[in-house]
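> Below is a structure I'd like to ask you about.
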């Protein structure tokens, strides 16, 4: 009798733990990203500086995402860096595990690709780029630049007006 009761209690505890873990995963798992929902232009402004003169000025970074279909989008980033350096990357990105992944070859005959990932949080769209794995990504910006670590506030989202013009073409 004790063994049966023990096994029943153990089974109940395992069931409750499994249910709690499943509930926790539902609470903490991110919602699926809809390209229709995130399509738009995102930007932020920051204080920049020139090395020689020390002149300070406002510079900005822009990210545009245009849905192509349910799992692909056109992505364009225009970036400003210290001392007036600039850069950017654009191309077709795939939606994989709630992240947009842009893979681009800098040159036609270049075997390596630059890989930039856009991750979506509640407040930001964050770029990541692993230069150790993707050294060709340096082709896309000036000496003081990076494609890694940019945080585009989701609240900065604006409509991309040129999409309307593109849709009217025959």
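> For segment 76-170, what class follows from the C-alpha gyration tensor (a ≥ b ≥ c being the square roots of its eigenvalues): rounded when a/c is under 1.5, otherwise prolate if a/b is larger than b/c, else oblate? Could the numbers behind the result be given before it?
Numbers: a/c = 1.45, a/b = 1.28, b/c = 1.13.
Rounded is the answer for segment 76-170, as its axis ratio a/c remains below 1.5.
> Shape of segment 18-153 from its Cα gyration tensor (a ≥ b ≥ c, root eigenvalues): rounded if a/c is under 1.5, otherwise prolate when a/b > b/c, or oblate?
On the way: a/c = 2.08, a/b = 1.54, b/c = 1.35.
Prolate, since a/c reaches 1.5 and a/b exceeds b/c.
> Arrange the following residues from fewest to most other Cβ atoms within 10 Å of their Cβ: 58, 71, 148. Each step should come with its number before you reach the end.
Working: 58 9, 71 12, 148 15.
The most exposed by this proxy come first: 58, 71, 148.
> Here's another thing I want to ask about it. If neighbour count is taken as other Cβ atoms inside 10 Å, put 99, 159 in order from fewest to most.
Numbers: 99 15, 159 10.
Fewest-to-most ranking of 99, 159: 159, 99.
No value in this document is a laboratory result; all are computed from the given coordinates. Only a predicted model underlies this, so the values are computations on that prediction, with no experimental measurement involved. Cβ: placed from backbone, ideal geometry, glycine included. Neighbour counts: every protein chain shown.
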